[in-house]
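The values are calculated or read from the model by the stated rules, or taken from the named source; none is laboratory data. Since the structure is predicted, the reported quantities are computational estimates derived from the model, not experimental observations. Methodologically, a virtual Cβ is constructed for each residue, glycine included, from the backbone with ideal geometry; neighbour enumeration extends over all protein chains shown. These accessible areas exclude ligands, DNA and RNA; they are computed on the full protein's heavy atoms, side chains included. Shrake-Rupley method; radii C 1.70, N 1.55, O 1.52, S 1.80 Å.
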Amino acid sequence: MKPLHTLNVDLADRSYPIYIGHHLLDNPALINDHIQGSSAVIVSNTTVAPLYLDKVENSLQSAEIRFDTVILEDGEAYKTLRSVEQIIDTLISQRHDRKTTLIALGGGVVGDITGFAAAIYQRGINFIQIPTTLLSQVDSSVGGKTGVNHPAGKNMIGAFYQPQCVIADTATLQTLPDRELSAGMAEVIKYGLIHDADFFAWLEHNIDALMQRDIALLSEAILISCRTKAEIVAIDEKESGIRAILNLGHTFGHAIESAMGYGNWLHGEAVATGMVMAADLSQRHGWIPLDIKQRSVALLQKARLPVQSPEKMTVEQYMDIMAIDKKVDRGVIKFVLLKALGEAIVTSDYDPSKLKQTLTNC
Ligand code: NAD
Ligand code: GLY
């Protein structure tokens, strides 16, 4: 009930705590203490609401907070402006003013949509993140990236907007489908690759128990992941520099997600394959030895993640989609690549012929 760990994201007057622990949703004070007005709107989806909505409702009822709920359709395909509009329709029709709080209860899709609605409703209202997937507990709920997709590109519409707090209840991971656990593990492995070689080795050692949902180990992995992300975000909130390393594998991954149709490859699956491609491109430049790429592939495979680009994707398709990635700078695609295990760089200084080899061979 009490958080096992509390971390702080240090962003001056936009700082906030991340609570990590088991059965945190049974602790009404955690949510209620971060609601500043006397009303709230809970946003969830058709899968998560039947599992956990009553816990959040009970918390609000215990403090006599007036609330409404918006239940979105489930899936990346619904990460659209239409869903944002659905939330805003409820906010307006139920007369929620600027003091209301939005509560995102769900995975990264619900969190990103809700955060964006919070950023734009009446020029910004408070919101709370209650991430219920591993991916959202280690990544998307922290750091204030919010937004939705455009048919032409992933996360093309959005805002940086920080929550009041993040409540990561590890008990919610018990109902997570295996495939989603794997997808979250891709982002966990990412932190080892970009920032922390010891954590990578710890993951290699513990991956089987993590995949069997050992809660103590999962809590440790969430803590280390969130700590890394919080440190990076505190240095570079708006991604003008170092924060971009959090996108290891994402440029390739977003192209896969987009080409395969949103929702067919999970975000974490596409990132996993994208990280292999990034490792491959790094290795082709001689920046990392083959052995680091092989260890990455082995760890991702043990996390039951795909490590090969979809067969039907062509080099041209990758290049076309990546050309509209947010990391394109004056027409040149920037990639996050590895200089060592635990060290990433963002660079446009790569050999295009080696990129073509990676896109052809991975
Ligand atoms: P998701 O939100 O689609 O959730 C995955 C699936 O699990 C969904 O079907 C969901 O309903 C279900 N689910 C959620 N919690 C559950 C639970 N406890 N038990 C059973 N089922 C549950 O996917 P995700 O992987 O959480 O998030 C992916 C999204 O996050 C993508 O849109 C990606 O772009 C975004 N993202 C954002 C950031 C960021 O910084 N904002 C970072 C990484 C990813
Ligand atoms: N997931 C990348 C970031 O938050 O910057």
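Cβ-Cβ distances below 7 Å connect the following pairs, each with a first residue in the stretch 161-187 that is touching a residue at least 40 places away in the same chain (Cβ under 8 Å) and of a type in the set (Phe, Trp, Tyr), a second residue that is open to solvent by less than 10 Å² (accessible area, probe 1.4 Å) and within 16 Å of ligand 2 (Cβ to nearest atom), and a separation of six or more residues or different chains: Tyr161/Gly115; Tyr161/Gly144. Note on the stretch 27-44: among residues that are within 24 Å of the chain's Cα centre (by Cα) and open to solvent by 10 Å² or more (accessible area, probe 1.4 Å), the one that is nearest to Leu102 (Cα to Cα) is Ile35. A single member of Met275, Met211, Met260 is under 18 Å from Ala183 (Cα atoms), more than 11 Å from ligand 1 (Cβ to nearest atom) and open to solvent by 30 Å² or more (accessible area, probe 1.4 Å), and it is Met260. Would you confirm whether or not the stretch 241-252 contains a residue that is outside any helix (DSSP H, G or I), within 14 Å of ligand 2 (Cβ to nearest atom) and open to solvent by less than 10 Å² (accessible area, probe 1.4 Å)? Looking for residues that are outside any helix (DSSP H, G or I), within 14 Å of ligand 2 (Cβ to nearest atom) and open to solvent by less than 10 Å² (accessible area, probe 1.4 Å), one finds at least one in the stretch 241-252, hence yes. Does Gly143 count as within 13 Å of ligand 2 (Cβ to nearest atom) and open to solvent by less than 20 Å² (accessible area, probe 1.4 Å)? In short, yes. For Glu316, are the conditions met, namely being surrounded by fewer than 21 Cβ atoms within 10 Å (Cβ to Cβ) and either farther than 30 Å from Asp10 by Cα or touching a residue at least 60 places away in the same chain (Cβ under 8 Å) (or both)? When the stated conditions are applied, Glu316 passes them. For the stretch 61-79, a residue qualifies if it is within 19 Å of the chain's Cα centre (by Cα) and either away from ligand 1 (no atom under 16 Å from the Cβ) or within 19 Å of Phe127 (Cα to Cα) (or both), and the qualifying residues are Leu72, Lys79. Specify the residue that is surrounded by the most Cβ atoms within 10 Å (Cβ to Cβ); the eligible residues are those in the stretch 215-228 that are within 12 Å of ligand 2 (Cβ to nearest atom) and either hydroxyl-bearing (Ser, Thr, Tyr) or over 18 Å from Thr132 (Cα atoms) (or both). Checked the stretch 215-228; the qualifying residue surrounded by the most Cβ atoms within 10 Å (Cβ to Cβ) is Ser225. Evaluate the stretch 201-218: report whether one residue or more is on the phi > 0 side of the Ramachandran plot, assigned to a loop (DSSP other than H, G, I, E, B) and more than 17 Å from the chain's Cα centre (by Cα). Yes: the stretch 201-218 contains one or more residues that are on the phi > 0 side of the Ramachandran plot, assigned to a loop (DSSP other than H, G, I, E, B) and more than 17 Å from the chain's Cα centre (by Cα). Those strands (runs of 3 or more DSSP E) of the stretch 103-195 in which at least 3 residues are more than 30 Å from Gln294 (Cα to Cα) and touching a Lys or Arg at 6+ places or on another chain (Cβ under 9 Å), considering only elements entirely within it, cover 145-150, 153-160.
When you go through (1) more than 15 Å from ligand 2 (Cβ to nearest atom); (2) touching a helix residue (DSSP H, G or I) at 6+ places or on another chain (Cβ under 7 Å) one by one for Met260, which number turns out not to apply? Single failed check for Met260: (2).
Within the stretch 60-93, the residues that satisfy the criterion of being open to solvent by 70 Å² or more (accessible area, probe 1.4 Å) and in a loop (DSSP other than H, G, I, E, B) are Glu64, Glu73, Asp74.
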